[in-house]
Amino acid sequence: MDKLPPWADAVLVPLISLLLAAALSALVILGIGENPVDAFTLMVEGALLRSAGWGYTLYYATNFIFTGLAVSVAFHARLFNIGGEGQAMIGGLGVALVCLYLPWPHWTLALVAASIAAAIFGAAWAFIPAYLQAKRGSHIVITTIMFNFIAAALLNYLLVNLMKPAGQQDPATAIFPAATHLPTFQDMFAAEANPLFRGAPGNVTFFLAIAACVFVWLLIWRTRLGYEIRALGHSESAARYAGISPVKTIVVAMLISGGLAGLMGVNTAMGEAERLVMNSTEGAGFIGIAVALMGRNHPVGVFLAAILFGFLYQGGAELALWTNIPRELIVVIQALVILFTGALDNMVRIPLARLFARGRRAR
Amino acid sequence: MTDPAIELKGISKAFGPVQANKDISIRVMPGTIHGIIGENGAGKSTLMSILYGFYAADAGEIWVKGQRTQIPDSQAAIRAGIGMVFQHFKLVQNFTVLENVILGAEDGGLLKPSLAKARGALKSLAEEYELSVDPDTQVQHLSVGHQQRVEILKALYREADILILDEPTGVLTPAEADHLFRILDNLRAEGKTIILITHKLREIMEITDTVSVMRRGEMTATVKTAETSPEELAELMVGRKVLLRVDKAPAQPKAPVLQIEDLRHVDGQGVERLRGISLEVRAGEILGLAGVAGNGQSELLNVLGGYADATGTVRVNGKDIPLSGAGCDGMARRGAGIAHVPEDRQREGLIMPYTAWENTVFGYHRDPAIQSGVLMNNAAIREEAGAKMQRFDVRPPNPDLAARNFSGGNQQKIVLAREIERNPDVLLIGQPTRGVDIGAIEFIHQQIVRLRDEGKAILLVSVELDEIFALSDRIAVMFDGRVMGTRDAADTDQRELGLLMAGITEDPGGDAFEAVDAALERKDRREAVHG
Amino acid sequence: DPALIYDLGGKFDKSFNEAAFNGAEQWAEETGGNYRDIELQSEAQREQALRRFAEAGFNPVITTGFSMSTPIDNVAGDYPDTKFVTIDGYVDPEEHPNVKSISFAEEQGSYLVGMLAAMASETGTVSFVGGMDIPLIRAFACGYAQGAKAVNEDIEVIANMTGTTPAAWNDPVKGSELTNAQISQGSDVVFAAAGGTGIGVLQTAADEDILSIGVDSNQNHLHPGQVLTSMLKRVDVATYEAMQAGEDLDTGTERLTLEDDGVGYALDENNRDLITDEMQERVDEARQAIIDGEVEVHDYRSDDSCPALSF
Amino acid sequence: MDFATVLQVLDSTVRLATPLLFACLAGLFSERAGVIDIGLEGKMLISAFFSAAVAAATGSVWLGLLAGIVSSVMLSLVHGLASITFRGNQLISGVAINFLAAGLTVLIAQDWFGQGGRTPSLIGQGRWGNITLPFANALSDVPVLGPLYAQLISGHSLLVYLGLLTVPLTWWILFRTRFGLRLRAVGEAPEAVDTAGISVTGLRFAAVAICGLLCGLAGSYLATGLQAGFVRDMTAGRGYIALAALIFAKWRPWYALMACLLFGLLQAVALRYQNIDLGGLTIPVQLMDALPYILTVVILAGFVGKAIPPRAGGEPYVKER
Ligand SMILES: Nc1ncnc2c1ncn2[C@@H]1O[C@H](COP(=O)(O)OP(=O)(O)OP(=O)(O)O)[C@@H](O)[C@H]1O
Ligand SMILES: Nc1ncnc2c1ncn2[C@@H]1O[C@H](COP(=O)(O)OP(=O)(O)OP(=O)(O)O)[C@@H](O)[C@H]1O
Ligand SMILES: [Mg+2]
Ligand SMILES: [Mg+2]
């Protein structure tokens, strides 16, 4: 097979795939009798041309960065973690416990403690599937899916039976104390004369997500552990030869993965809702798979892909707000983006490589 | 004059920028064995794959038995009477021999009649060509040699009269190889045409009628075997004179460094693979471990390398080494002074997608010397790797290239460089030159001897008896998890070792190969029962 | 113009979101007015939708579902000139004078249909299929059981919830299986308060030839002659009236009960033959008694417990 | 627990197991051929929608079935295109298909029927009727065996019996026919199939198409047999449970039947016994709901252990010498 230059592989292929997905989405929009150009304009205006739009886009992106990183860390060890959803849910539980039951003098301390709790809870939820995969060979795809269902049941039990304040209907915890309020972009950047990010949920957790990107990059490409995780992912037999314990590495990689997914709870529970609600993850665990794949399992790629999906979410919300397009359109667009960038990427790569090869020969 | 069985005219094939075959023409006469030799990457396999319809040529014509023939896919090749035995077998491991044979050559939609017909056909083929295998054994329970027979049977069942074999002896023991050559002889006698790819000049000289030499995608020469010599062929292949024998002084062994006593190992299926091994390797000597593949040599290396548990005693420089539990892994072994060049460089020795520089610390990556803080000092590792690759003549000496993009010989050099340069006390080496061309073999052998002369204790495992003889000072033979005997290399010969390898300690006289074959057959059956 | 925000269940849930939609449509038809509406797709959108509508000048902004009260609590202060309505939710009127909270006495309506169920039952066993197990749904079940027991002290009331996740609102297969299980336990009237899951309940009841009771909207027409009645929750009226009042909407809290026809049971040509005059008489009596305060129906939400049923 | 209750639970087991069984066998064909398919869920869903939509529009359950199968096979072919032709990641393709089906079904349903992603309820010929087997009524008074026959064995829809028949049929195809031999071979060692002159692509597409067909049946049963119409996300995770059953069954047809019946039973029991009161200690309903999932994990870990999947599963086939 002809080879593509690395930059084309990293930039051109996803871009063209994205365009294909967009084109097909446009057809779908036409199919339900709406105007794709208007729809797209509306999405861009609502998500990118207002600071509050950015506040939402980045809020969603923060979720996707965490789950995307979670999927990609596991992927490097050739583990397919579909359990981001459940891990994030349980991570949110950790956040809620820390915020509700411990007194906090200042949000910075609360943030540190909540992050640690979220990571530990998320990691704990990933532990059993990881252990079963490592020790018993139980297929991690199946066990993590099951753990998503179990997490939902557990959270429901806790919220309804134990954590819900008396008299409240919502299966949700009480509002967190004011001291745990995280600064939103509005708190940070808006001035009297310049009301930026008004009301948008984007908050300081976004910077935590960026830190997580840097952390994952260092972990995977610069540390011994990352070296071992990747080695195991490429070849278990070679890892054994080198003295890398597959069991330990699988478990550790999954703990890190679960911890990253769990951190998403900081953003949703503490940053946005300021309480724990039943369905706060809303499929972000699954979007993480697409984000990781589109981002080629590299933190920079994950970051960019997360922004893209954040844009889709926010743009979709604007669409639903101002048009009659059902919200499922966004699900379809997401599906097409996942399909074209994640699974049909060779459909773009092969002809493109041929084109490049012809260009080379002509020169 | 008869038409050639195969005639290729002007075949060219490029993989991207690599020109694998350049305007190749060749004629193979019916009823002959035609050898093809060439360095790694010369284009031999590519050419044969084109002939078998596996790849499409960019240009050129294929003529079969005087007819211009299009071979767009393997089906067409089979129809033209061509069969191919690939270097890596194309068998379904959990199918029986019979099922493998009929796959793709069934009669009708239902299996029963096909299986019955094939059973009959196999029986007569077995008698005709000495090609016996149990039709109802699952292929995964067969020895490599018998798997190869299944491949040949597959071709013959499809009535191939032109048979291509790509490096068929790379994985065989001498006895198995000899059996194969007898089969090929029989086939030639029946009028079949055979194309044989190999790196071993001895085999070319022994069995072929004509031989073609390839270099860098081109056909450089075709000669009658009777009119050439190994030295001439080697020079045609590499483009320079090659030393075919290892040049070494007698060993100067010192104190024992590696001492093994009553070593036992049970594998995941509960089969005892090592049944009480006791060996000793001294500083400054090479102990060669000969044996048919699957008799415990690999397990012994794994146990010594730290990634299989065992009971018994292993001492290095008098110190006990843990054989299970904590402290028993590859990294701990390296700390104890044991370096290990594994048998399978691609599955064990290297992480194929890793760059060369990343691979040069594989297994040593926790060494504090290459860390800066919590991070790995990648810049330093990379720089050191470049120098190492220069010293070991790795081509190309580019540390940023992924391991998978080096040829087999150069991959092997990367592994050797990594393990040798750590200056270990004990060096375990498995199959150092499997599938490596003679130019690289020469270099690798020199390095191993150099190490011996520096006073290392070297344990060498190889299925190549030639290699064992060329390098070893003493030779131990393994059979069925035991050491059958240890001999001084100077005082033994192929025949004695061959018998030991089949578990026969008393020379029965007469045809030794028959005895060996029978012994191996017995072992196969036992294994099938275990599986 | 008014704006309407549906909860996550979506506009066409055949349940109370749809009722709100119907009320809005009725208003638009009658007055020729325009309104905007949105179906939420995520938690974070709740506030966003409120703000965007308020910023764009929509007034009042009407929301359905108890989950909207917290977001309104957060947002209302920023838009003092906009009136917000939370149907099924509660926002402190002291704190936010521009919010109107509308709730329903679901237990009262359920009580009435519980009575009808008990009177229609021949086996002495009636049943309930809830959607997601939350206090609101338990309040339905509890009212239903109280009503049934008021008619027949010995009646057996079987109550099952479909699930613990939001998927429970949309699992008709499970609804159907639950109904089958209840039938085999002897139930011959089943009340479904389960959103989309209820479709499966009503279907199975019709297939197996027992009676069913619909919820929120009038669902009698789904299987004419086989749906005993529907427990009405007049979200449509609430929506209609809020839109009608427009910017002059009275704020504060409002609880719609039997008295103001905020809840009730459905009687139309589809179930005319199932409800005898005697049944109707008794139910109407009870209705009046409740309105007069002679009969008190316990609300599960008041103390998270139910005297007539254990969960 | 009395006999009638047992019968009722078993009856419901059979009903709940049927869609799982179709989906599980669908996965079996696909994975035996080396194509991993976590998109079973999506294919069931799209088939459920189109079966119900067409049945509602035409009043014919048969046309509905046809439409369901066609739609499911179309999605299968998308999966085939991605994972066979373009050697894409099979897991991703499956995830995308699940998303696509979840979105498209509601989008189209809304566009066609305007009932919030639901089809109209099916009536009469639009649904599968229950078949009463011969003598069911006559025999129902015979003690024990009578009700067993009349209630448990008789009185299901055609697709339930078809599902049960598919098990031996699958076994026969896989292990007694040329096609089956090749199919199994292509999932174990595609290179062996390729060098034997058989098209790997062709075989895998055939397998994927059969997978689509069976998912089509599963979805059709859900929407027009078990239920009388489509609602959004009505598959409710059954595709994933079917995958678990497939692993539990070690990719074998008869075991698949057992596994699906077991999961059906678990679901039936969880439906039936919600709040179990163990003398003061009440097992919460959430636990009962999570039980099938917890048991899946326990079964995978405890009983199946390392299930060895077809060797070439998940890997796109690239020619290699
Ligand atoms: N599938 C492929 N894709 C790209 N390049 C290839 C491929 N197969 C072979 N080549 C190129 O073709 C050249 C010839 O390879 P080939 O395998 O035919 O050599 P060979 O003579 O069989 O070597 P060896 O003795 O090591 O088996 C190689 O140098 C390689 O670069
Ligand atoms: N897919 C490929 N793409 C690019 N180059 C390749 C590819 N496969 C092989 N090569 C190149 O082909 C050459 C020889 O390839 P080949 O796989 O035959 O190695 P080899 O030495 O024969 O190894 P082995 O001992 O395993 O047969 C090497 O230079 C290698 O880099
Ligand atoms: Mg080759
Ligand atoms: Mg080779």
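The values are calculated or read from the model by the stated rules, or taken from the named source; none is laboratory data. Keep in mind the model is a prediction, meaning the values are calculated, not measured. Here Cβ is always computed from backbone atoms with ideal geometry, including for glycine, and neighbour counts include all displayed protein chains. Just so you know, the surface numbers come from the protein's heavy atoms only, side chains and all, with ligands and any DNA or RNA stripped out. Shrake-Rupley method; radii C 1.70, N 1.55, O 1.52, S 1.80 Å.
Note on the stretch B:45-61: residues that are more than 16 Å from ligand 3 (Cβ to nearest atom) and outside any loop (DSSP other than H, G, I, E, B) total 3. Note on the stretch D:195-219: residues that are in contact (Cβ under 8 Å) with a residue 40 or more places away in the chain and not hydrophobic (A, V, I, L, M, F, W, C) total 5.
Apart from one condition, residue D:178 fits all of (1) surrounded by 15 or more Cβ atoms within 10 Å (Cβ to Cβ); (2) closer than 25 Å to residue D:23 by Cβ; (3) among the basic types (Lys, Arg); the exception is (2). For the stretch D:47-60, the set of residues classified as in contact with a Leu (Cβ under 7 Å, 6 or more places away or on another chain) and open to solvent by 10 Å² or more (accessible area, probe 1.4 Å) consists of D:54, D:56, listed by residue number. Residue-level check: of (1) open to solvent by 40 Å² or more (accessible area, probe 1.4 Å); (2) modelled with pLDDT under 85, residue A:138 misses just (1). Residues in the stretch B:392-411 that are outside any helix (DSSP H, G or I), open to solvent by 30 Å² or more (accessible area, probe 1.4 Å) and within 16 Å of ligand 3 (Cβ to nearest atom): B:407 alone.
Could we say that residue B:167 is touching a strand residue (DSSP E or B) at 6+ places or on another chain (Cβ under 7 Å) and within 16 Å of ligand 3 (Cβ to nearest atom) here? In short, yes.
Annotation: of all residues in the stretch B:15-38 being over 18 Å from residue B:210 (Cα atoms) and crowded, with 19+ Cβ neighbours inside 10 Å, the one that is nearest to ligand 1 (Cβ to nearest atom) is B:20. Scanning the stretch C:189-221 for residues that are without any contact (Cβ under 8 Å) to a residue 60 or more places away in the chain and assigned to a loop (DSSP other than H, G, I, E, B) yields C:208, C:209, C:210, C:218. The conditions of being modelled with pLDDT of 95 or more and either touching a Gly at 6+ places or on another chain (Cβ under 8 Å) or among the β-branched types (Val, Ile, Thr) (or both) are met by residue D:71. Scanning the stretch B:421-445 for residues that are within 14 Å of another protein chain (Cβ to nearest Cβ), within 14 Å of residue B:408 (Cα to Cα) and away from ligand 4 (no atom under 16 Å from the Cβ) yields a total of 0.
Taking the conditions (1) touching a Pro at 6+ places or on another chain (Cβ under 7 Å); (2) open to solvent by less than 10 Å² (accessible area, probe 1.4 Å) in turn, residue B:102 satisfies each one other than (1). Count of the stretch B:134-180 residues, restricted to those that are of a type in the set (Asp, Glu), more than 16 Å from ligand 1 (Cβ to nearest atom) and open to solvent by 20 Å² or more (accessible area, probe 1.4 Å), is 6.
Taken as a whole, the condition of being modelled with pLDDT under 90 and in contact with a strand residue (DSSP E or B) (Cβ under 9 Å, 6 or more places away or on another chain) does not apply to residue C:226. Look at the stretch B:426-451: where a residue is without any contact (Cβ under 8 Å) to a residue 60 or more places away in the chain and a partner is open to solvent by 20 Å² or more (accessible area, probe 1.4 Å), sitting 6+ places away or on another chain with Cβ atoms under 7 Å, you get B:433/B:441; B:443/B:393.
Candidates in the stretch B:2-48 are the residues that are among the acidic types (Asp, Glu) and within 16 Å of residue B:68 (Cβ to Cβ); of these, the one that is nearest to the other protein chains (Cβ to nearest Cβ) is B:7. Kindly indicate the residue of the stretch A:164-179 that is open to solvent by less than 20 Å² (accessible area, probe 1.4 Å) and more than 10 Å from every other protein chain (Cβ to nearest Cβ) and also nearest to residue A:105 (Cα to Cα) among those meeting that condition. Residue satisfying both the conditions and the ranking: A:176. Entry remark, the stretch B:346-391: residues being within 32 Å of the chain's Cα centre (by Cα) and outside any helix (DSSP H, G or I) number 13 in total. For the stretch B:144-164, the count of residues that are in contact (Cβ under 8 Å) with a residue 60 or more places away in the chain, within 16 Å of ligand 4 (Cβ to nearest atom), in contact with a strand residue (DSSP E or B) (Cβ under 6 Å, 6 or more places away or on another chain) and within 14 Å of another protein chain (Cβ to nearest Cβ) is at least one. When the residues of the stretch B:49-65 are filtered to those that are within 8 Å of chain D (Cβ to nearest Cβ) and within 15 Å of ligand 2 (Cβ to nearest atom), the one that is nearest to the chain's Cα centre (by Cα) is B:49.
Residues are listed down the side, and each one gets a yes or a no for (1) in contact with a helix residue (DSSP H, G or I) (Cβ under 8 Å, 6 or more places away or on another chain); (2) within 16 Å of ligand 2 (Cβ to nearest atom):
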site	(1), (2)
B:164	yes, yes
B:180	yes, no
B:189	no, no
B:203	yes, no
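When the helices (runs of 4 or more DSSP H) confined to the stretch A:281-363 are screened for residues that are within 14 Å of chain D (Cβ to nearest Cβ) and over 20 Å from residue D:95 (Cβ atoms), those reaching at least 3 such residues are found at A:345-362.
Residues that are in a loop (DSSP other than H, G, I, E, B), closer than 30 Å to residue B:356 by Cβ and small (Gly, Ala, Ser): does the stretch B:443-456 have at least one? Yes, the conditions are met somewhere in the stretch B:443-456. Restricting the stretch B:405-420 to residues that are within 14 Å of chain A (Cβ to nearest Cβ) and within 20 Å of residue B:364 (Cα to Cα), the residue that is nearest to ligand 1 (Cβ to nearest atom) is B:411. Once the stretch B:105-133 is narrowed to residues that are among the acidic types (Asp, Glu) and surrounded by fewer than 16 Cβ atoms within 10 Å (Cβ to Cβ), the residue that is farthest from residue B:184 (Cα to Cα) is B:107. When A:223, A:205, A:268 are screened for being within 27 Å of residue A:129 (Cα to Cα) and under 16 Å from the mean Cα position of the chain (by Cα), only A:268 passes. With the requirement that a residue be touching a helix residue (DSSP H, G or I) at 6+ places or on another chain (Cβ under 7 Å), in a helix (DSSP H, G or I) and surrounded by fewer than 23 Cβ atoms within 10 Å (Cβ to Cβ), what does the stretch C:137-157 give you? Of everything in the stretch C:137-157, those that are touching a helix residue (DSSP H, G or I) at 6+ places or on another chain (Cβ under 7 Å), in a helix (DSSP H, G or I) and surrounded by fewer than 23 Cβ atoms within 10 Å (Cβ to Cβ) turn out to be C:150, C:151.
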